[in-house]
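A short write-up of the structure that comes next.
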Ligand SMILES: Nc1ncnc2c1ncn2[C@@H]1O[C@H](COP(=O)(O)OP(=O)(O)O)[C@@H](O)[C@H]1O
Ligand SMILES: [Mg+2]
């Protein structure tokens, strides 16, 4: 990106949005469960009667298709280059969710210049005909490309685990987002994953909220607590999201609660277009 375009990109950062109510899952540290949660969250939204578009926007390690056991025909890279149309790239996943698979090491996206971000939005412009809500799985870290994508979502969920390194990196990500533009503050929310108990999860959330308040002057609200659950690891082995393989597992129930919480914050209403299967009370 040249200097001028870069300045423009920074100026408009945080104003452009996905064309639908949207959540993005980001994290400072890798391996905290973004992809697992994205897939199960997408499935939960679908069970609650929403049409879901799950975007795999992990620039480095694409694996939504792995977690869901899908065989992608085309990827977001083909979409961005104009090789394929949106419909040609989308694959149906469990509960009828639509998935836009990523290419591992998608260089086109990794560049993530203003042009790419606009191009992505352009390609998704009529996504509203196919879906009610977007779930975007992002790569870990604070690379420019990730920050660009986070800001496109109505709710940017920072995922952390109780591990000190994940905690520290979650804080670093929040700080960088705020430094870019304080107006994103109210869109940044926390999700604590893999805690041994609800108490531990709440205490992690409180600690992170305390440092955010003290050093960033910002109220970091927690929207979900997902416990450590062996169902998550079993799901990966079976190439099924845990919410699909074991809908009654603790983690699945927690993600279903998270989906309801997010739906209400996104103003998605009560989810009237319920699918035939798997309707949740
Ligand atoms: N709630 C959970 N309980 C147990 N294991 C989990 C949980 N969430 C994720 N995992 C495991 O953590 C690992 C990393 O998850 P993944 O979703 O790939 O993380 P990320 O996308 O953030 O890199 C996977 O092996 C997954 O099974
Ligand atoms: Mg991932």
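Working out 0.36 nm times the residue gap between residue 143 and residue 203, then minus their Cα-Cα distance, what length gain in nm do you get to one decimal? Please report the intermediate quantities before stating the final value.
Values: separation 60, 0.36 × 60 = 21.60 nm, distance 2.85 nm.
Value of the extension gain: 18.8 nm.
Would you kindly state how much longer the chain becomes between residue 257 and residue 87 on full extension, computed as 0.36 nm times their sequence separation minus their alpha carbon distance, in nm to one decimal? The partial results should precede the final answer.
Details: separation 170, 0.36 × 170 = 61.20 nm, distance 3.04 nm.
Extra length from residue 257 to residue 87 when fully extended: 58.2 nm.
Given the Cα-Cα distance of residue 265 and residue 118 and 0.36 nm per residue of separation, how much length would full extension add, in nm? Kindly include the intermediate steps, with their values, before the conclusion.
Numbers: separation 147, 0.36 × 147 = 52.92 nm, distance 2.57 nm.
Answer, rounded to one decimal: 50.4 nm.
Which whole-number percentage describes the relative contact order of the chain, with Cα contacts under 8 Å and a sequence gap of 6 or more? Show your work: numbers first, answer last.
On the way: 566 pairs, mean separation 76.9, N = 281.
The value is 27 percent.
Take the Cβ-Cβ distance between residue 239 and residue 172 as r, set R0 to 30 Å, and report the resulting FRET efficiency rounded to the nearest 0.05. List each step's numbers first, then the result.
Numbers: r = 32 Å, r/R0 = 1.07.
My answer for the efficiency is 0.40.
For the chain, restrict the atom set to alpha-carbon positions and state the Rg and Dmax in Å.
17.5, 53
Calculate, for residue 250 and residue 186, the FRET efficiency according to 1/(1 + (r/R0)^6) with r their C-beta to C-beta distance and R0 30 Å; round to the nearest 0.05.
Values: r = 30 Å, r/R0 = 0.99.
Calculated value: 0.50.
Can you pull the one-decimal nm distance between simple spin-label points at residue 196 and residue 179, each 7 Å off the Cα toward Cβ?
3.4
Suppose R0 equals 22 Å; then what is the FRET efficiency for residue 126 and residue 61 from their Cβ-Cβ distance, rounded to the nearest 0.05?
Values: r = 29 Å, r/R0 = 1.31.
Given R0 = 22 Å and the Cβ-Cβ separation, E is 0.15.
Every number in this text was worked out from the coordinates using simple rules, so none of it is lab data. Note that this is a predicted model, so its numbers are computed, not measured. Every residue, glycine among them, receives a Cβ derived from its backbone with ideal geometry; neighbour counts consider all protein chains shown.
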